[in-house]
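Input: a single structure, listed below in structure tokens.
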Amino acid sequence: MSATVAEAAPVAAAQPFRLTSWQAWGLILIAPYLLVFLFFVIYPIGYGLWLARSPASYEHLAADPIFARAVVNTLVFLIIGINVKMAIALMLSGFFTNERRWIRWLSVLFILPWAVPSIPTILSVRFMLNPEWGVVNSLIFRFTGEDGPNWLNDPWLALTLAIGVHIWKSLPFWTLILLAGRLAISADLYEAASVDGATKWQKFLHVTWPSMRTLYVTCTILSMIWTLGDFNSVYLLTGGGPADLTHVLATLGIRYLRLDQVDASMAAVVCAMPFVLPLVYVLMKRLSK
């Protein structure tokens with residue numbers, strides 16, 4: 001009997017592996033997504049890194065004053081844009097918790113800048129700021145009798161306006177996220193705080209903020225990652241001008257492409273990775289808790 005079992009064991013082990021029908025259908029259905037990910041994510045990233053492999057490309061970037069200016073602009077864009085945007089979103093999330101009818105209608109209008117595509121909205125702002133026939137300078141001339149400034153001709157003013165456009169465009173999304181966080185807080189906590197005589201500020205400090213702190217920090221980190229890749233707010237409004245002085249790392253590659261310097265363009269994109277990768281790591285650590 002034992003000999004028969006010993007002889008049957010190798011025969012069973014030698015049987016070929018066969019997929020079940022469910023496993024086969026699973027592979028068939030997932031194959032298109034894997035191919036799309038391979039050709040539209042892995043291949044472009046790998047090809048970009050290959051183009052930026054030469055140390056001479058980074059030496060060229062280091063010697064270019066426009067690159068140093070773009071790094072400074074990126075830091076200013078991140079520090080000011082994200083903090084102002086998230087602080088306003090936190091305040092507006094409290095405003096939109098009000099159940100009045102007119103506030104509900106206002107919330108519909110408030111979300112439009114985020115819902116409408118970037119190209120028509122940002123180009124509309126650019127046309128409005130035109131120094132000759134833009135609506136902003138036309139109104140200034142009508143009410144004051146004086147010509148308005150050339151809004152996009154001063155580098156720091158143009159960068160400030162680009163930050164403002166970024167805040168205006170993305171503010172509704174983050175307000176909705178923080179509003180959802182506020183609505184998830186139990187009303188019993190606020191009722192207990194009211195019974196204890198807490199003011200609105202004390203309710204925010206001891207009830208709202210502790211409940212939303214993790215969400216707020218996570219949203220801030222995710223916003224930093226997305227803002228680093230915000231191409232539209234700067235390029236559609238200023239085009240990197242005047243004199244290429246409002247470029248950020250997300251738009252600097254276009255400047256080198258116009259100069260037919262593909263390797264420097266890819267190197268400029270790679271230089272943003274030291275900003276992105278730590279943020280991605282911290283975000284993944286927070287989400288895995």
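Details
- Percent of Cα pairs exceeding the 32 Å cut-off, where the set is the chain: 48 percent
- Taken along the Cα-to-beta-carbon direction at a fixed 7 Å, the label points for Lys200 and Thr144 span 3.3 nm.
- Relative compactness, segment 62-214, computed as alpha-carbon Rg over 2.2 N^0.38 Å: 1.37
- Per residue solvent-accessible surface (Å²) - segment 58-288, probe of 1.4 Å: 56 Å²
- Heavy-atom accessible area with a 1.4 Å probe sorts Tyr216, Tyr281, largest first, into Tyr281, Tyr216.
- Descending by average beta-carbon neighbour count within 10 Å, the peptides 26-37, 54-65 line up as 54-65, 26-37, the highest first.
- Solvent-accessible surface of protein heavy atoms, probed at 1.4 angstrom with all chains present, puts Phe143, Phe127 in the order Phe143, Phe127, largest first.
- Computed with a 1.4 Å probe over protein heavy atoms only, the accessible area of Val280 comes to about 50 Å².
- Asp154 accessible area, 1.4 Å probe, all protein chains in place, Å² to nearest 10: 70 Å²
- Hydrodynamic radius (Kirkwood) for segment 233-289, which is based on Cα pairs only, to one decimal in Å: 12.7 Å
- Helices in the chain that qualify as membrane-span-like (whole DSSP H runs, Cα extent of at least 27 Å along the helix axis, mean Kyte-Doolittle hydropathy of 1.0 or higher) are 65-95, 155-183.
- Summarising the amide proton neighbourhood of Val248: residues at separation of 5 or more, or on other chains, whose placed amide H is nearer than 5 Å comprise an empty set.
- Taking the protein heavy atoms of segment 58-288 in the context of the full set of protein chains, the accessible area attributed to carbon and sulfur is 68 percent at 1.4 Å.
- Helical mean residue ellipticity (222 nm; -39500 (n - 2.57) per DSSP H run of 4+; nearest 500) of the chain: -23500 deg cm²/dmol
- Using a probe of 1.4 Å, the accessible surface attributed to Lys169 totals some 20 Å² when neighbouring protein chains are kept in position.
- When Leu123, Leu178, Leu109, Leu38 are compared by accessible area at a 1.4 angstrom probe, the order from most to least is Leu109, Leu38, Leu123, Leu178.
The values are calculated or read from the model by the stated rules, or taken from the named source; none is laboratory data. What you see is a predicted model; the values in this text were computed from it and never measured. Because the Cβ atoms are built from the backbone with ideal geometry, glycine has one as well, and the counts that use them run over all protein chains shown. Just the protein is used for accessible areas: all its heavy atoms, side chains included, with ligands, DNA and RNA removed. Shrake-Rupley method; radii C 1.70, N 1.55, O 1.52, S 1.80 Å.
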